[in-house]
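Data block below; observations after.
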Amino acid sequence: MKIKMMRIVCGFSVLMAAFSSYATTLQSGVYEGLLLAVSPTGNITGYYSESAEDSVKRTCTFFLTGHVSAQQPDTITSWSSSVLAGHIAANTAGVTLAIPDGQNHAGCMNVLMPEIATGLELERTRQTQWQTLMKVSSPRAYLSSTPDAATRRKAWIVKGDVVGVIQTQAGWAEVEFVARSGKMTHGWVNSNDVQPLTPPAS
């Protein structure tokens with residue numbers, strides 16, 4: 001029992017030492033397969049999506065929330081079919097995400113790199129102004145050019161899609177949607193068509 005406890009303490013010490021070498025702060029953006037939003041008050045929301053395809057296409061997706069702390073790494077809660085604890089911290093090239101049992105998220109065993117257990121480094125590919133991430137809850141959320149139904153375009157996002165929210169205004173949300181190709185679509189959606197990312201009750 002003592003040996004097992006010592007291994008856990010040593011492992012956590014190594015993880016903390018790795019994270020403590022990063023002095024930068026978390027910023028909203030696209031980090032390879034991770035969409036990350038950090039609000040001015042320090043709330044963290046994220047969505048990870050990665051696919052692998054050989055004879056069968058496999059997809060690993062999960063959400064995360066947390067809050068920026070005075071001392072990194074920041075504790076996060078991640079979830080798909082189960083709720084798992086982890087940490088995230090900024091580094092010089094992007095972020096380091098650690099979820100000890102992360103490969104247990106639905107679909108992730110044969111997709112997600114094993115480094116997720118101790119610290120998966122993700123490079124930032126795009127900086128954004130997202131305040132939070134939200135999920136589309138309506139069958140279709142039509143995009144408007146301004147926060148006004150009169151400017152609705154022939155473009156929409158569908159239920160389950162995750163969007164970065166830049167701001168909200170009078171029942172509308174200014175959002176950006178990142179397609180799998182990396183193309184970003186910008187517009188306004190009715191606030192009733194999106195919902196916050198909330199972990200299930202444990």
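Values in this text are rule-based calculations from the coordinates and carry no lab data. For clarity, every value in this text was computed on a predicted model and none was experimentally measured. So basically every Cβ, Gly included, is an ideal-geometry build from the backbone, and we count neighbours across all protein chains shown.
Okay, here's what the table says:
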quantity	calculated
Cα pair count fraction exceeding 23 Å, expressed as % - the chain	47 percent
Gained length - residue 54 relative to residue 71, 0.36 nm times residue gap less alpha-carbon distance	2.0 nm
Unit charges on C-beta of K, R, D, E only; dipole of the chain, Debye	280 debye
Fully extended contour minus Cα-Cα distance, from residue 195 to residue 145, at 0.36 nm per residue	16.0 nm
Rg(Cα)/(2.2 N^0.38 Å) for the stretch 132-196, N = residue count	0.97
Chain lengthening between residue 121 and residue 169 when straightened (0.36 nm per residue, less Cα-Cα)	13.8 nm
For the stretch 60-116: rounded, prolate or oblate by the Cα gyration tensor [a/c cutoff 1.5]	oblate
